[in-house]
Amino acid sequence: MAPMSGIDYSIVVLYLIGSLALGAFVSTQIKGFRDYFLAGGALTTPLLVCTLVSSYNGIDITFGTSESGFYYGVVSWWWYSLPYYVFIALAAFVVAPRLSRFEGAMTLSDILESAYGTPTRVIGAAACCIYSIPVHSMAGMMALAAYVGLSPTWSFVVAFGVCAIYTVMGGMWADVLSDTVHFVLMCVSVAIAIPMAIDWVGGWSFVEHLPTDDVTGEPVFLQHHGGLNPWMLVAWATTGLTILIEPAFYQRVFAAEDKRSVQRALLVGILLWAAYDWGVTLIGMLARAAVTQGLLPDDLEGRSALLTLCVEMLPVGLRGLMIGGIVSAAMANVDTYSLLASANVVYDIYRPVADPQASDRRLLFLTRLGVFLVMVLAAALSVMFERMRDIWQFLASIMVSVLLVPLMAALFARPRPAAGLLASVAGFAGLIAFYGYLFTQGQYMPNEEVYMVQVGPVAVWQDYAALCALPVSLAGFVLGHFLGRRGVR
Amino acid sequence: MKLATWLSVLALGPGSIAIFCWFLWDVKRIFGGGRSNPSTGRDPGKPSAD
């Protein structure tokens, strides 16, 4: 691997110092919990574009999408990324306007409580918290440190120490303002890397070095379906549903100065998300072609494809920019989701259950403490998962199974309280049953690196988790709605 | 494929820098107190809703 130079390190260090200064400055502006968690409800369109794009396209997307490009080709953009944009447009024009019905709401759990009561609020907050713990970003950070030849422990402590300090100090203001820098760094670094990577692997003829179907010889890496079965494609597309229950999306809608700012930001964001996803998918494919040509090692893993390619081919300076861009993607994700997970515990669970009279000052203190603890927990959990996409799918499956049905019903109908509670519990039970059955009765498929179980003529893959749990959640909802008592909204 | 790639490069390079410039122009209004301030997010001229 090409070594990092002093200039590369200087760029990264300058960036980290700037983040600390920002946190210190913004902390002087925080007066209460709402300022800390929702930036006082003052976010404008460009701020929203920067924070939405950078926090949602964190390191999990950067590494995970390039990993999928490395293993499967363009199918990962068509069936993994593209459905997200459809759901984002739906969120902008259908979901966001409905949120005005819930005046004073600050989190997704506030909506659940309004429709179903405290028990559903607590379950929803617990699911959001699990989903929000930034395990994937921590795992990505570990991979990054190892590849740039730094001590994983020390680089980890420095990067996330900085992230923890500015987020604890400045809350959402520090988060969104730092996201503007994260946004530019991550976008520009990918924009520079794409043409240089194409040139490095020998130009557009790289497509001739991509794998083809073993039987038919078709160029599956260039086909929109990638040679995968239709159910797998539907399962991939289903993960896009998470945007409808995405805590960061709701937090930013509540933090926006008005509804139209959110809609404009999401429309601009779709263009940037699509460009970024396409770029990192292509880089994953370029890395695969480079392996075939002998430019990169045979045993290269998909999760390291983007980083290895960029570190190998970029010159001094640009390499530091790229590393800074990836660090930015990780930090944008970690600060946003640590804040959300902490607020889920403190504001959504602790306050209504244990201390309804908690002062604003106490909530603020506990949320700040929680941000730090969430980051520590995420670091500890990050060693448990092998693949970035596995982490993402597992967390997304929990969210979709537990929250999608009750939340959409709360927004668009007037369900009874028992419906929400039963939908959440049944969805979670269905998911646990799915994984239990899969891991005990199924087998590990080494080529696909996931579990699969044969149910009669149907091959059920690990990726189908949310697809299988969702009908159980829906059944629970229908049962609760017809058997439960009417509630007062 | 080539067209999608070059459009992506345009969006991510000049596009993201243009949005950052829009943010810089906008943030002057936020921190300058023209529209609202970062601690309350409210227009200084409007009464509090709390």
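All of the numbers you see were taken from the coordinates with simple rules; none came from a lab. Quick caveat, the model's predicted, so the values are computed rather than measured. With ideal geometry, Cβ positions are generated from the backbone for all residues, glycine too; neighbour counts draw on all protein chains shown.
With θ taken as phi - 60° and the Karplus curve 6.51 cos²θ - 1.76 cosθ + 1.60 applied, the whole-hertz 3J(HN,Hα) list for the range A:425-437 is 5, 5, x, 5, 4, x, 5, 4, 4, 4, 5, x, 5 Hz, x standing for glycine and proline. In vacuum, with every alpha carbon of the range A:1-124 counted as one equal point scatterer, what does the Debye formula give for log10 I(q)/I(0) at q = 0.14, 0.18 Å⁻¹? Two decimals, please. The Cα Debye sum returns log10 ratios of -1.03, -1.24.
What's log10 of I(q)/I(0) for the range A:226-377 at q = 0.09 Å⁻¹, Debye sum over Cα points only, no solvent? Taken in order of the listed q values, log10 I(q)/I(0) reads -0.49.
Which cross-chain or sequence-distant (5 or more) residues have an amide H under 5 Å from the amide H of A:Val201, H modelled 1.01 Å from N in plane? Correct list: empty. Taking every lysine pair in the protein assembly as shown that is 8 or more places apart or spans two chains, those with Cα atoms closer than 29 Å amount to 6.
Spatially, the range A:453-474 and the range A:332-374 are offset by 35 Å when compared through their Cα centroids. From largest to smallest, the equivalent ellipsoid semi-axes obtained for the range A:439-489 from the alpha-carbon gyration tensor read 36, 11, 8 Å. Across the range A:332-383, counting alpha-carbon atoms alone, Rg and Dmax equal 11.6, 39 Å.
A P(r) calculated from all alpha carbon pairs of the range A:61-104, with 10 Å bins opening at zero, reads 26, 32, 22, 16, 4 percent. The value obtained for the range A:108-247, namely the Cα convex hull volume divided by the number of residues, is 194 Å³ per residue. Taking the average, over residues, of other Cβ atoms within 10 Å as the packing measure, peptides A:296-305, A:366-375 rank A:366-375, A:296-305 from highest down. Taking the square roots of 5 times each eigenvalue of the Cα gyration tensor of the range A:391-489, largest first, gives ellipsoid semi-axes of 31, 13, 9 Å. Shape analysis of the range A:294-375 yields a ratio of the Cα radius of gyration to the Kirkwood radius, Rg/Rh, of 1.29.
Computed from Cα atoms alone, the Kirkwood hydrodynamic radius reported for the range A:390-434 is 10.9 Å. Here the Karplus relation 6.51 cos²θ - 1.76 cosθ + 1.60, evaluated at θ = phi - 60°, turns the backbone of the range A:471-485 into coupling constants of x, 5, 4, 5, 5, x, 5, 4, 4, x, 5, 7, 9, x, 8 Hz, with x for every Gly and Pro. Pairwise Cα distances in the range A:84-147 exceed 20 Å in 53 percent of cases. When all alpha carbon pairs of the protein assembly as shown are counted in 10 Å bins from zero, the resulting P(r) reads 4, 19, 30, 27, 15, 5, 1, 0 %. Database remark: amide H of A:Tyr451 closer than 5 angstrom to the amide H of A:Met445, A:Gln462 (H placed geometrically; neighbours at sequence offset of 5 or more, or on other chains; Pro and chain starts carry no H).
Orientation-averaged projection of the range A:177-299 equals 10.3 nm² [convex hull of Cα atoms, one quarter of hull surface area]. Over the range A:341-454, what portion of Cα pair distances is larger than 20 Å, expressed as a whole percent? Here the long-distance tail beyond 20 Å is 62 percent of all Cα pairs in the range A:341-454.
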